[in-house]
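Asker: Structure provided below as structure tokens; questions to follow.
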Amino acid sequence: MRAAVIVFPGSNCDTDTHHALSHVMGVPTDLVWHATPSLDGYDLVVLPGGFSYGDYLRTGAMAAQARVMRAVREAADRGVPVLGICNGFQILLEAGLLPGAMLPNACVEFRCEWVHVRVETRRTPFTEATDVGRVLRMPIAHGEGNYVADHETLDALHDNDQVVWRYSDAAGRRTAGANPNGSVGDIAGICNARGNVVGLMPHPERCSETALGGTDGRLLWESVLARVAA
Amino acid sequence: MSGLPQIYTAHVFVRLKPGVNDPQGATVADGLRDLGFDGIRDVRVGKIVDVELVAPDAATARDRLQSMCEQLLTNPVIEEYELELIEPQPLKLSDTAW
């Protein structure tokens, strides 16, 4: 088992993610530079949060053109679990590895706080070891998490069970106040049709040990590690 | 002068598609109302990308610019664009690196 955390110019959660995987979860993990042409040999690929290329043009737009993204696409095609966190999610959208797009938060504020999300499906490697309806408490920190997609795409997401997490309150109820950014359908994370490419706005790497105020992020790592080991 | 490469300047106007929510535009609209401007119905914020490129003719320049828009300059999920191609100026020897 070996994990890759991709580093773009402007990534700023790369070392946190590396720490969570390597030191907390005990997984051999490499920081992989964006110019790397191949991800052969990796069993897990994570695109971390941050402000790649200063969010120039559109969030994630420049990083989506990086050389490593061809390798990410190839890994995804091989069935390797790929996780995009926050800016990583935005990059996967811009690269077309996930459907839809991001707009600035409806409240026009950068939201940096703890939120709750409800697990909507167990079909991804990152939710397989948890239960549908389980509520996770994780931090967010973003200005553009307002997920949008056209009706056709949203219908396909629902029909194919591709909505992975929705914002909720602590009891798992979808309330108006629970959605921090105005995303359609309270969507916090989605997956591709195959289920192995997953993006979410909350930061599991920031809640993977007690010292950080929460451990629900561990559930994602434990789940994908179990999948890879199986 | 046909056959000689020319410098084309293009203005690419990028806008959010109609119906796509624009939190930035809504905030600017509120700001204008706060300044006392009456009658503000809606404000939408877009961007202009100016591109200078060397191409053999206008059709080629337009083709390349359309590809640029589709591959990087816009996100077709939420944005649309208009291209404005400016009359070219002949390429002068002093414009080249060789």
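Asker: Would you check if there is a residue in segment A:186-196 being crowded, with 24+ Cβ neighbours inside 10 Å, over 17 Å from residue A:19 (Cβ atoms) and in contact with a His (Cβ under 7 Å, 6 or more places away or on another chain)?
Answerer: no
Asker: Under 8 Å between Cβ atoms, at least 6 apart or on separate chains: pull out the pairs that start in segment A:23-44 with a residue that is among the acidic types (Asp, Glu) and end on any residue that is assigned to a loop (DSSP other than H, G, I, E, B).
Answerer: From segment A:23-44, the pairs are A:30/A:2; A:30/A:42; A:43/A:1; A:43/A:2; A:43/A:80; A:43/A:81.
Asker: When the residues of segment B:31-58 are filtered to those that are part of a helix (DSSP H, G or I) and modelled with pLDDT of 95 or more, which remaining residue is nearest to the other protein chains (Cβ to nearest Cβ)?
Answerer: Among those residues, the one meeting the criterion is B:31.
Asker: Could you look through segment B:59-74, keep only residues that are free of Cβ contacts under 8 Å to residues at least 12 places away in the same chain and surrounded by 13 or more Cβ atoms within 10 Å (Cβ to Cβ), and pick out the one that is farthest from the other protein chains (Cβ to nearest Cβ)?
Answerer: The selected residue is B:60.
Asker: Pairs please, first residue from segment B:41-58 and under 30 Å from residue B:31 (Cβ atoms), second anywhere and part of a loop (DSSP other than H, G, I, E, B), Cβ atoms under 7 Å, 6+ apart in sequence or on different chains.
Answerer: Qualifying pairs under 7 Å: B:44/B:22; B:45/B:22.
Asker: Could you grab me the full set of residues in segment B:1-25 that are out of contact with any helix residue (DSSP H, G or I) (no Cβ under 7 Å at 6 or more places or on another chain), at pLDDT 95 or above and aliphatic (A, V, I, L, M)?
Answerer: Passing the criteria: only B:16.
Asker: Say we look at segment A:97-117 and pick out the residues that are more than 26 Å from residue A:153 (Cα to Cα) and among the hydrophobic types (A, V, I, L, M, F, W, C); which of these is farthest from the other protein chains (Cβ to nearest Cβ)?
Answerer: So the residue we want is A:114.
Asker: What number of residues in segment B:76-85 are within 12 Å of chain A (Cβ to nearest Cβ), more than 12 Å from residue B:47 (Cβ to Cβ) and surrounded by 15 or more Cβ atoms within 10 Å (Cβ to Cβ)?
Answerer: Here the count works out to 2.
Asker: Which numbered condition trips up residue B:34, out of (1) more than 22 Å from residue A:105 (Cβ to Cβ); (2) exposed (fewer than 11 other Cβ atoms within 10 Å of the Cβ)?
Answerer: (1) is the only condition that residue B:34 fails.
Asker: A follow-up question, please. Kindly check whether there is at least one residue in segment A:81-93 that is over 22 Å from residue A:2 (Cα atoms), within 15 Å of the chain's Cα centre (by Cα), within 14 Å of another protein chain (Cβ to nearest Cβ) and in a loop (DSSP other than H, G, I, E, B).
Answerer: No: segment A:81-93 contains no residue that is over 22 Å from residue A:2 (Cα atoms), within 15 Å of the chain's Cα centre (by Cα), within 14 Å of another protein chain (Cβ to nearest Cβ) and in a loop (DSSP other than H, G, I, E, B).
The values are calculated or read from the model by the stated rules, or taken from the named source; none is laboratory data. All figures in this text were calculated on a predicted structure; none of them were measured in a lab. Methodologically, a virtual Cβ is constructed for each residue, glycine included, from the backbone with ideal geometry; neighbour enumeration extends over all protein chains shown.
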